[in-house]
Amino acid sequence: MRSLIAFPFLLIIFDNTGSLLCNSMAAEEAVVGHGHDVAGVTAPAAADLSQLDAGALFVLKSKGSWMHCGYHLTTSIVAPALLSLPFALASLGWAPGIACLVVGAVVTFYSYNLLSLVLDHYAQLGRRQLRFRDMAHDILGPGWGRFYVGPIQFLVCFGAVVGQVLLGGQSMKTIYLIARPGGTMRLHEFVIVFGAFMLVLAQIPSFHSLRHINLVSLLLCLSYSACAAAGSIHAGTNAPQRDYSLPGNGQDRLFGALNAIAIVATTYGNGIIPEIQATAAPPVTGKMFKGLCLCYAVVVATFFSVAISGYWAFGNRAQGYVLANFDLEDGTTLVPKWFLAMTTVLTLLQLAAVGVRSERFGKRLLLLARSLRLTRGVKVVYLQPTNEALEGLFADPRKDQYSARNVTPRLVFRSLSIVVATLLAAMLPFFGDINAVIGAFGFLPLDFVVPSVFYNLTFKPSKRGVVFWLNTAIAVISSMLALLGSISAVRQVVLDAKTFKLFANV
């Protein structure tokens, strides 16, 4: 008897022991071409056909190089949400803010490398793990994969997709109101339009197929980050009087600091490291480390330049979206209008939207700030865990990936998952607050706690050594921060609850 664990249309299939149907290298190699023609399967491999996992074979194709891993990693981490980092520094101050950025970079790079080492270890043993829940099942036991890591990862990823659709709709509405001040179209109409675009992107067959899109995304984030930093430096010479003191009273400062830490942590968040490493062609050893080095070269260049320049220029007046600071209340701008327009276009291109500049643009940017802080940008990579689960549930691994038998359910159920995400985004324009809670419960444990636990349980480092206690300290401190961040996020939901309204036109 098989059991299903489901978040709307995010289905994870397990056998009667709770294990996935198959995640080993033997299964991965059982089909010639990794999920294509099965005519040339050898006799021993043919015996394993009944156990093949279509999600792994079709979506997580292992064909990529270390550079492709780097593109995927960069796209999953670096997004327009980084433009909220000056706001985070404004709630922490110079020394704690910079320290938080440095610690976030070091700990996540270290944690992601720990995950990669664990994945390499199991691959060398002939049991290559392709998904986060595979790792949890093998290392922690079936219950952890079934009831914690799997559901948490899918909540995080599907929540990111809903947030992406909402943010895309808000961006499109901004452009519409710039072109037609006083226009009557409502937010949910733009959300539906953007959801239709995401529906097309959802049909991209495999994670590996995104490598060129993710390279373009990498170049875009470098471009708008450079523009934002340069604009902040230029604006700093013309900005109003700067104040670097922490705003508010003691309680406000405390929750502001917790919110800022959560912003920094989730900005560095990933949540799909095993799925990204699964796209690397065997042998995988060392490829992920090179990809992480490429990714973090981009992370350091973008995160630190934007955060430091933005906070230096605007102090504790830094908005949740730093470009909003370029537009003054009297309608003038601190940077040339053409420069702000170019930066905005580059930013919105990564959100699949193109914007132009108008006198009202800064006011509309303020409405985007909350959503930008709490979503991960429009990244098709966060559709992949959903697509992989749907493929594993409804596709037939014995058939060709592009056969009618497999294309039809792929088209239907991937489209259905986007329809659900679009409906939630249209109904709940305050989903950013809910997503903050999901992020605190999800990104912090998956990216900071779980890697250290996996490494200690897999390699069993000596309790007299530094590695064991360093990993333990990271896991304990991150767990505490996740709890405090969750409390802060829930508090924000409660404070904003009075403004919540279904299908609100915000």
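The values are calculated or read from the model by the stated rules, or taken from the named source; none is laboratory data. Here the structure is a predicted model, which is why all the values come from computation and not from measurement. Here the Cβ is made from the backbone with ideal geometry for all residues, glycine too, and neighbour counts use every protein chain on show. Please note that ligands, DNA and RNA were not included when accessible areas were found on the heavy atoms of the full protein model with its side chains. Shrake-Rupley method; radii C 1.70, N 1.55, O 1.52, S 1.80 Å.
Under the definition of Cα pairs under 8 Å and six or more residues apart, what whole-number percent is the relative contact order of segment 138-249?
Result for segment 138-249 is 18 percent.
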Given +1 on the Cβ of Lys and Arg, -1 on the Cβ of Asp and Glu, and no further charges, what dipole in debye does segment 98-205 carry about its Cα centre, rounded to the nearest 20?
200
What are the semi-axes of the equivalent ellipsoid of segment 132-192, taken as the square roots of 5 times the eigenvalues of the Cα gyration tensor, listed largest first and rounded to whole Å?
42, 8, 5
Ignoring ligands, DNA and RNA, how do Lys460, Lys498, Lys287, Lys337 rank by accessible area with a 1.4 Å probe, largest first?
Lys498, Lys460, Lys337, Lys287
Residue-normalised accessible area of segment 64-175, expressed per residue, 1.4 Å probe, Å²:
25
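First check a/c for segment 404-506, with a ≥ b ≥ c the square roots of the eigenvalues of its C-alpha gyration tensor; if it is under 1.5, answer rounded, and if not, answer prolate when a/b is larger than b/c or oblate otherwise.
oblate
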Accessible surface of Met172 in the full protein assembly, 1.4 angstrom probe, to the nearest 10 Å²?
50
Three-way shape label, segment 84-137, alpha-carbon gyration tensor, a/c 1.5
prolate
Can you sort Asp400, Asp327 by solvent-accessible area, 1.4 Å probe, largest first?
Asp400, Asp327
For segment 86-242: rounded, prolate or oblate by the Cα gyration tensor [a/c cutoff 1.5]:
oblate
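So what is the relative contact order of segment 65-218, in percent, for Cα pairs below 8 Å that sit 6 or more residues apart?
Numbers: 71 pairs, mean separation 41.5, N = 154.
That works out to 27 percent.
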Considering only C-alpha atoms, what is the centroid distance from segment 104-153 to segment 422-488, in Å?
13
Which of the residue pairs Lys290/Lys337; Lys173/Lys337; Lys290/Lys399; Lys287/Lys463; Lys61/Lys501 have a Cα-Cα distance greater than 32 Å in the structure shown?
Lys290/Lys337; Lys290/Lys399; Lys61/Lys501
